[in-house]
1. Pop out the ³J(HN,Hα) list for region 89-100 in order, Karplus 6.51 cos²θ - 1.76 cosθ + 1.60 with θ = phi - 60°, rounded to Hz; leave Gly and Pro as x.
2. So for region 1-152, Kirkwood radius off the Cα pairs, Stokes-Einstein at 10 °C and 1.306 mPa s: how many µm² s⁻¹?
3. Can you give the Rg and Dmax of the chain based on its C-alpha atoms, in angstrom?
4. Take the Cα coordinates of region 103-254, assign each an equal point scatterer, and use the Debye formula without solvent to give log10 I(q)/I(0) at q = 0.08, 0.20, 0.21 Å⁻¹.
5. At 0.36 nm per residue, and after removing the present C-alpha to C-alpha distance, how many nm does the segment from TRP178 to ARG274 gain when stretched out fully?
6. Ratio of region 166-309's C-alpha Rg to 2.2 N^0.38 Å, to two decimals?
7. Name the residues whose placed amide hydrogens come within less than 5 Å of the amide hydrogen of HIS94, ignoring near sequence neighbours (fewer than 5 apart) on the same chain.
8. Just how many % of Cα pairs in region 162-241 lie over 19 Å apart, if you round to the nearest whole percent?
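Please treat every number below as a calculation from the coordinates, not as lab data. Note that the structure is a prediction, hence the values are computed from the model and not measured. Cβ atoms come from the backbone with ideal geometry, glycine included; neighbour counts cover every protein chain shown.
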Amino acid sequence: MVEAGAWWTLPVAPALLLGLAVLAVAGDAALDDRRSGRTVTPAGALRPLLAVPRALVAQPRRLPASDRRLWRVGVITVPVAAVLSTLVIPFGNHVVADLSVGVVWFNAMEVLTWAGLWLAGWGPDAAFSLVGGYRFLAQGLAYELPLMFALISAATGAQSLRVTDIAGAQYGLWYAVWMPFAFAVYLAGVLAFSFLGPFAYPAGRDIAGGVLGETSGVDRLLLQAGRWLWLAAGAAMAVPLFLGGGAGPGLPAWAWSLVKTVLVLALLVWVLRRLPVLRADRYVEVAWVVLLPAAVVQALVPALVSLGP
């Protein structure tokens, strides 16, 4: 039985999301040390966090013709949308808000990041950051439809848009088993709306960092935090959508939710270091010609199963 709306879930959900994001950053730093031949230590894994106090006291960059208000709105939108997306994600037997349209809410918060990141690229009135913003829009148009059909596949299997219903409908068989393509597309979508790893094209080095290029201080910290918060939120959402939520033997539901979330997060961090950055034009072609038709077919499978003989 899922308990929704308890007062203590409101501060715990963002705190847990922040903890998972820090864990992902530490894991990424550890993999970086290993790849560089350095000894992997706790101090090395936590090294990226030393940039936080420096960013808090650094002077934000000011450009002569920038629209600071919209720039700031865009920067803040990315992490805030990531935190709001967790309101509908059940953790064990608890959820902040058990909305009847929880899947739609999560997708809406993810799409809100589009606007935030584009404003973060447009606000500085600088060429490279603007190119980065448009790169994200081009990338978003390609990943969003397959991602939506992956979400629809899970919702169709449970015949509900409520996230807790989807987790409960996987008793005996996870959706990741009989909807493997939708699961893979969803995980790729998580990397894409986090603009990390193979989908880091909007923040590419060839355009001096793109959407991140003109930000500094707290603004840059918020945008970078938003990337990792979205990665953690996407990993947490994968658990009720495709991995049976908190169901499992021997351990309490919250422990199973935590174990599954950490494993998905570890997989995403490993993948983002293994794959090269994809050019948007090449990914768009693959997305529209291969991923989208296959995602539609995948969505038909639970629909036909639900109709029955």
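1. Those phi angles translate into 8, x, 10, x, 9, 10, 8, 5, 9, 8, 6, 5 Hz.
2. Values: Rh = 18.2 Å.
In µm²/s, the coefficient rounds to 87.
3. 19.3, 67
4. After summing over all Cα pairs, the log10 values are -0.26, -1.12, -1.20.
5. On the way: separation 96, 0.36 × 96 = 34.56 nm, distance 2.62 nm.
Taking 0.36 nm per residue and subtracting the Cα distance, the gain is 31.9 nm.
6. Details: Rg = 17.6 Å, N = 144, 2.2 N^0.38 = 14.5 Å.
Dividing the Cα radius of gyration by 2.2 N^0.38 Å gives 1.21.
7. Those qualifying (amide H under 5 Å, at least 5 residues apart or on another chain) are GLU3.
8. 49
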